């Protein structure tokens, strides 16, 4: 009877380890999704603010050019306004690239944690299973005597 109890306990431990591993994986995934959402939301807000600031700045410059009697749709005034717009878009693209790196880092870190948890789970269940089989084999040898 002792062999069956040993195997049953090992099975319970394996099931418990499996549930804990799944719970850790769910927590890792939830954390990754939360961080990803925060980065994307901050990115959208920052881009909207930068574009709003650009629109206000361009409107202000056009008004100044108009007050000075300069046409804002041609010549150096237009070149200046286009340069400001290009500068703002370059800044947005650069920041978006940095955010993409951060998102990639989060995904990579999450994958590494999942792999580590899976390896940890496999090692623990293998050791527990081996221990249960070893105990059972020892008890069977005692019964054979």
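Read the figures in this text as sums done on the coordinates, not as results from a lab. All values reported here derive from a predicted model rather than from experimental measurement. We place every Cβ from the backbone using ideal geometry, glycine too, and count neighbours over all the protein chains shown.
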Using a basic spin-label model with each label point 7 Å from the Cα along Cα→Cβ, how many nm lie between residue 67 and residue 49? 2.7
Kindly provide log₁₀ I(q)/I(0) values, in the same order as q = 0.19, 0.20, 0.28 Å⁻¹, from the Debye equation applied to equal alpha-carbon scatterers of segment 23-94. -0.80, -0.84, -1.15
How much length, in nm to one decimal, is gained on full extension between residue 15 and residue 98, taken as 0.36 nm per residue of separation minus their Cα-Cα distance? 25.7 nm
